[in-house]
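Encoded as structure tokens, the structure appears first; notes follow it.
Readers should treat all values here as calculations from the given coordinates under stated rules, not as data from a laboratory. Predicted model, so just to flag it, every value in this text is computed and none were measured. Positions of Cβ are generated from backbone atoms using ideal geometry, with glycine treated the same way; all protein chains shown enter the neighbour counts.
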Amino acid sequence: MPVEEMARRGRETLRFGPMKPVGLRDPRTGRDAYAIAQLRMEDRGGRMWNLVGFQTRLRTKEQQRVFRMIPGLADADFLRWGSVHRNAYVNAAAALTRHLSLRDDPMTLFAGQLTGVEGYTESSATGLLAGINLARMLAGEEPVVPPPTTMLGALYRYMNEADPRHFQPMNANFGLLDDLDPPVRDKRRKRELFAERSLRVLDEWSAANGLAGAAIA
Ligand SMILES: Cc1cc2nc3c(=O)[nH]c(=O)nc-3n(C[C@H](O)[C@H](O)[C@H](O)COP(=O)(O)OP(=O)(O)OC[C@H]3O[C@@H](n4cnc5c(N)ncnc54)[C@H](O)[C@@H]3O)c2cc1C
């Protein structure tokens, strides 16, 4: 979402998005920062820095005016302007099988952002599973998908079961997982138990499918 749209939604919205200051102290005051802008080094010499998470549709003059208000960037030279990235993806819920292949060709596998997952780990994990499944099918075995109590399995379930009319890309998040039985209220404890359950289920699933020791998490 463009930063100007986030800013329009509320005074605090950016502080809970790309400007989230969690765990960062202002070295000048020793106090927690109110908001931060993350700069990612773009060249070895540290002369070019990317302003992380600032996708924008603002005109270039306006970008310069607004972003120069950020402390430390008043005299910045802008080498490349912010833009909004297009994310092209298949409507997996409408077009792909349970293990994310073409419906009429189970050996044509899809993985990564193209399937509607979003993020580095999500994309690599689907790639890893696509590789495992291709190897299995070449060996005459059935493709497998982890149970939905694991994050990867829950993502695959989302891809399969989301409403195809409103299909939207998805990050890994706790909301995708089946609730605990019995339910746990404390958020931190709940997440710990989700992780414990997921690791246990994944071990069992890997062993049952001859994948024990495979680097899948
Ligand atoms: C600005 C931005 C910031 C992001 N920040 C984060 C972040 O902090 N954390 C996070 O987890 N995720 C982040 N993401 C999302 C993350 O980058 C993607 O989800 C992830 O990289 C997708 O991986 P992928 O391998 O599926 O696709 P990609 O990384 O897009 O790789 C696809 C590759 O295929 C190539 N390709 C395309 N068409 C063809 C063709 N016809 N022939 C041959 N090659 C082709 C492309 O050039 C590209 O190299 C960010 C995305 C953007 C745009």
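A few remarks follow.
- Just checking the listed ones, Gly140, Gly23, Gly112: in the Gaussian network model of the chain with Cα springs under 10 Å, the one fluctuating most is Gly23.
- The helix-based estimate of mean residue ellipticity at 222 nm for the chain, built from -39,500 (n - 2.57) per DSSP H run of four or more residues and divided by its residue count, is -10000 deg cm²/dmol to the nearest 500.
- Translational diffusion of the range 1-121, µm² s⁻¹ [Kirkwood Rh, Cα pairs; Stokes-Einstein; 37 °C; 0.692 mPa s]: 187
- Distance between the modelled labels on Asn171 and Leu102, one decimal in nanometres: 3.3 nm (7 Å Cα→Cβ projection).
- Straight-line reach from Lys190: taking Cα to Cα under 14 Å and skipping same-chain neighbours fewer than 8 places apart, the aspartates and glutamates in range are Asp178, Asp179, Asp181.
- Note on the range 1-47: the alpha carbon radius of gyration divided by the globular reference 2.2 N^0.38 Å gives 1.40.
- With Cα atoms as the point set, the radius of gyration and Dmax of the range 156-217 evaluate to 14.3, 39 Å.
- Taking label points 7 Å from Cα along the Cα-to-Cβ direction, Leu79 and Gln64 give a separation of 1.7 nm.
- More than 19 Å apart - percent of Cα-Cα pairs taken over the range 120-176: 34
- Reducing the range 1-38 and the range 77-145 to their Cα centroids gives an inter-centroid distance of 32 Å.
- Among Gly127, Gly82, Gly17, the largest mean-square fluctuation in a Gaussian network model of the chain, built with springs joining Cα atoms closer than 10 Å, belongs to Gly17.
- Each Lys and Arg adds +1 at its Cβ and each Asp and Glu adds -1 at its Cβ; summed about the Cα centre, the range 1-138 shows a dipole of about 420 debye.
- Note on Lys187 and Arg57: their simple-model spin labels are 3.1 nm apart, each label 7 Å out from Cα toward Cβ.
- Stretching Glu5 away from Asp178 to a fully extended chain increases their span by 59.0 nm, per 0.36 nm per residue minus the current alpha-carbon distance.
- Phe110, Phe167 arranged by Cβ crowding within 10 Å, fewest neighbours leading: Phe167, Phe110
- Geometric extent, Cα atoms of the chain - Rg, Dmax (angstrom): 21.5, 64
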